[in-house]
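The next block holds one structure in the form of structure tokens; read it before the comments.
We did not get these values from a lab; they are worked out from the coordinates using the rules stated. Quick caveat, the model's predicted, so the values are computed rather than measured. Positions of Cβ are generated from backbone atoms using ideal geometry, with glycine treated the same way; all protein chains shown enter the neighbour counts.
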Amino acid sequence: MDDIHVVVLAAGKGTRMKSETPKVLHRIGGLTLIERVLRTAAGLSPASITLVVGHGADQVRAALGDGIQFVMQEEQLGTGHALLQARPLLEGKSGTLVLLSGDVPLLTAATLRSLVETHNAAAAAATVVTADLPRAFGYGRVVRTNGKIARIVEEKDASPSQRAITEVNSGIYAFDLEPLFAALDTIGTGNKQGEYYLPDLIAIYRKQKRTVATWTVTQAQEIRGINSRTELAEVTAMVRQQKNEELMAAGVTLIDPATTYVDDDVVVGPDTVIHPCVFLEGGTKIGAACEIHSGSRITNATIGDRVTIRNHTIIADSVVMDGARIGPFAHLRPGSELGEDTHVGNFVELKKTTMAKGAKANHLAYLGDAVIGARANVGAGTITCNYDGEQKHQTVIGNDVFVGSNSTLVAPVTLADGSYIAAGSAITMEVPSGALAIGRSRQEIKPGWVAQKKSRVKSEK
Ligand code: UD1
Ligand code: CA
């Protein structure tokens, strides 16, 4: 098979999005539109991928990884003009150019393979992916004569009878590279929008008696373009429903799929139960037989098996091992690691803190830049004072340490294995193993003080 070169058009402003963000960087199911398109393109194992950028080019470049070449379209004069910008990189090469649109995110690799197969079998100069869309408004319409594609007419240029056509241009094509760039040069701007329309190439090729083929997708929704926030929301809902169905097929219980929000790349193990209004985002991985209660948001975290996450827990960029219990109202900030069977309870905030197996912090605590040993118990109201106004410092709490309630641990400080901290202490010095540290003023008792006070008040009246 000849080489395949992919070109993706992503220079347009996306005017109808009314956004400071380039259209192709808007997200569906946690992935930008352009990431989705590029993943699909990778399914063809192409010899090269070229992205035509323009509006917001720096942002688009910065958002994408290596392995892609960029060409700049300084002025967005239309899709035909956009493809011409790839000329310096592709002219003189042979094989097939597959053209994708950065704003058509649901296209599948299977459709692209069918496109290339159809194109090769027909030995076509161009092959167009089309779809039958009852709501064809806004798309270019496929005009056929004697059953063969004759040309594509844009919505704005179409006559009423052409507007009634429901076969639309997806904006996805395969082109034989050999005649392509010379033909692109002949596209004009004689249309309502004064743009160089790439679809005009179809009529040009037909006039040159070249073969133009079509491939019609069976799932028309697949070629839906994103041009407005409404379309973004509609396609997002479709993607989300599909992800939820995949999860359920894999043995995950969703109490209410309508209010379950799981990004595409998230993995969830079987027998995990997800309650309503849960958000699982980014590259999150959840093990088997976990229970995740309402109002929780888990982003880029790895969660083991049999973990219970109670209501309104937020976890980001953290690791949680098997059997841990977290929440309600707990907050694991980036860099936290909870060992097996740890408990983190109500209103406990962790940042860059690790807790070893069986350690507990059940109520009202801030634990930042801390290392907490196995079976240690951190009492209610414990605060690690990790910041001195200039720098962050570490708190080390050993195995089997007991930290009494309302203790203040001024970092850097170490509480060695098996030490005890009296409730209400401010700890500023290392506590040796097995020692008790009391860091508060001693309680005083004044016997009979209340009666004396009352009689003093009476005599003053
Ligand atoms: C285009 C097609 C239409 C098709 C539809 C499918 C044209 C003229 N029309 O219309 O037949 O039904 O897609 O979704 O091609 N772009 C550039 N540079 C430009 C103009 C556009 O890079 O100068 C990029 C856009 O960023 C976008 C893609 O090309 O990713 C399509 O452009 P858009 O303006 O969205 O075209 P449509 O009006 O949707
Ligand atoms: Ca479009």
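Laid out as a table, the results:
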quantity: The range 334-461 pair-distance distribution - Cα-Cα, 10 Å bins, rounded %; calculated: 14, 41, 21, 8, 10, 5, 1
quantity: Relative compactness, the range 59-126, computed as alpha-carbon Rg over 2.2 N^0.38 Å; calculated: 1.29
quantity: Rounded tilt (10° steps) of 229-249 against the dominant C-alpha axis of the chain; calculated: 70
quantity: Cα-derived Rg over Rh, computed across the range 39-159 with Rh taken as Kirkwood radius; calculated: 0.96
quantity: Helix 449-460 axis, angle to the chain major axis (alpha carbon atoms, nearest 10°); calculated: 80
quantity: Helix-derived mean residue ellipticity, 222 nm - over the chain, DSSP H n ≥ 4, -39500 (n - 2.57), to 500; calculated: -6000 deg cm²/dmol
quantity: Protection-proxy order for peptides 149-159, 399-409, each taking the mean of Cβ atoms within 10 Å per residue, highest first; calculated: 399-409, 149-159
quantity: Neighbour-count order for 81, 363, fewest beta carbons within 10 angstrom listed first; calculated: 363, 81
quantity: Antiparallel DSSP beta bridges within the chain, as percent of all bridges there, nearest 5; calculated: 20
quantity: Shape call, the range 104-171: gyration tensor on alpha carbons, a/c limit 1.5; calculated: oblate
quantity: Stokes-Einstein D for the range 212-369, Kirkwood Rh over Cα pairs, 4 °C, 1.567 mPa s (µm²/s); calculated: 79
quantity: Links that overshoot a 28 Å alpha carbon limit, given the list 357/392; 148/243; 93/209; calculated: 148/243
quantity: Whole-Å distance, taken between Cα centres, linking the range 154-195 and the range 255-314; calculated: 45
quantity: Lys/Arg +1, Asp/Glu -1 at C-beta; the chain dipole; positive extreme among 94, 379, 138; calculated: 379
quantity: Alpha carbon centroid spacing (whole Å) that separates the range 216-246 from the range 414-461; calculated: 64
quantity: Proximal charge balance of residue 297 [Cβ under 14 Å; K/R count +1, D/E count -1]; calculated: -1
quantity: Dipole magnitude (debye, nearest 20) for the range 154-287, charges at Cβ of Lys, Arg, Asp, Glu; calculated: 500
quantity: Diffusion constant of the chain at 4 °C, which comes from Stokes-Einstein with the Kirkwood Cα-pair radius and 1.567 mPa s, µm²/s; calculated: 49
